[in-house]
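To keep things clear, I will list the structure first and then write my remarks on it.
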Amino acid sequence: MNISNLKSFTIGGKISGLTGVGLKLILNQKETLMISPGSTEFVFSSKIPIGSDYEVNFATQAEGDFCELINSIGKVGNKNIQDIEINCKASCIKCIIFVTQNGYPANIGKASNFDSSCQSDPNYPGSGNFKAMVVDGVSRRASITSNLGDGQIDWVFKANNAYIRPNGINIETSNPNGLFTSTISTPITSITSDHWTGLELDWTTFLDGACLKWTTNSASELGIAGDAYTQDILTLTRGKGLQHCSINRQLVCVEQ
């Protein structure tokens, strides 16, 4: 008899530094788990069969905290998973948004893998943790329903938060769903950009416009790109339309 039919195990780990409310985890894009301030450990209620893959991600970050995951992806062996780490620290208050100087290839593996390019780009402001405003519907998602902000996964904008340029000029404050649904007060950049997004104009994921969920740089595949020299959300999210995945493009990077 197959052992996978007999045994299944829980997924959990340790937490440090969590002070804010609202931290919500998501397991394999399905099961969510709310975490209370001050918690030092967590475990999902469902069990995963031995030999199965697991992935823990953030549905929402805690208010006032920026948390990072360690050991969040793996395969279930013959024991409960207890070595996932969530390390939290204070998040930014007026958070910087910038557009990268360099362009980056589409075949990065998944949307959240673009984040490291934000940290290493020449336009990185020198401090802070940044994530790329790019979605794939799997590792990062802004909204399932038009402009609602439901079903978020590791989304880059926080609720009711002020965002600024690196020089301190105000861009806009996000709404309670961590979105901008009409216009922004000031363009993110003073020159035109050509940045990957994978977004529809209403913050939902354009699954046919994400270079096969950011796994290919084939000229025969297409990905959605936007332009950050705008006050219009449609232009920011998908103003450049479908573009060939073979061309490197910029990123919009958001401080956490």
* **Members of the range 191-205 found to be on the phi < 0 side of the Ramachandran plot and surrounded by 16 or more Cβ atoms within 10 Å (Cβ to Cβ), listed by number** => Ser193, Asp194, His195, Trp196, Thr197, Leu199, Glu200, Leu201, Asp202, Thr204, Thr205
* To do: Would you check which residues across the range 125-148 are part of a loop (DSSP other than H, G, I, E, B), touching a residue at least 40 places away in the same chain (Cβ under 8 Å) and surrounded by fewer than 24 Cβ atoms within 10 Å (Cβ to Cβ) and list them?
  => Pro125, Gly128, Asn129, Gly137, Val138, Ser139, Ile144, Thr145, Ser146, Asn147
* Do we have Ile188 as assigned to a strand (DSSP E or B), under 20 Å from the mean Cα position of the chain (by Cα), surrounded by 16 or more Cβ atoms within 10 Å (Cβ to Cβ) and of a type in the set (Val, Ile, Thr) here? -> no
* **Neighbours by Cβ (under 7 Å, 6+ apart or cross-chain): first from the range 13-35, closer than 20 Å to Pro49 by Cα; second in a loop (DSSP other than H, G, I, E, B) and modelled with pLDDT of 95 or more** => Leu27/Phe44; Glu31/Phe44; Leu33/Phe44
* Six or more apart or on different chains, Cβ under 7 Å: which pairs go from a residue in the range 227-250 that's free of Cβ contacts under 8 Å to residues at least 24 places away in the same chain to one that's buried (at least 16 other Cβ atoms within 10 Å of the Cβ) and of a type in the set (Ser, Thr, Tyr)? Could you list them? => Gly239/Thr230
* Take the residues of the range 109-132 that are hydrophobic (A, V, I, L, M, F, W, C) and within 12 Å of the chain's Cα centre (by Cα): which is farthest from Trp196 (Cα to Cα)? -> Phe130
* Take Ile15 and decide whether it is within 15 Å of Asp154 (Cβ to Cβ), surrounded by 16 or more Cβ atoms within 10 Å (Cβ to Cβ) and not assigned by TED's automatic domain parsing to the domain that holds Phe130. => no
* **Count - residues of the range 156-173 that are in contact with a strand residue (DSSP E or B) (Cβ under 7 Å, 6 or more places away or on another chain), part of a loop (DSSP other than H, G, I, E, B) and buried (at least 22 other Cβ atoms within 10 Å of the Cβ)** => 2
* Check whether at least one residue in the range 1-20 is under 18 Å from the mean Cα position of the chain (by Cα) and either within 26 Å of Arg141 (Cβ to Cβ) or at pLDDT below 95 (or both), and report yes or no. => no
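The values are calculated or read from the model by the stated rules, or taken from the named source; none is laboratory data. Bear in mind that the values here come from a model prediction, so they are computed numbers and not experimental data. Because the Cβ atoms are built from the backbone with ideal geometry, glycine has one as well, and the counts that use them run over all protein chains shown.
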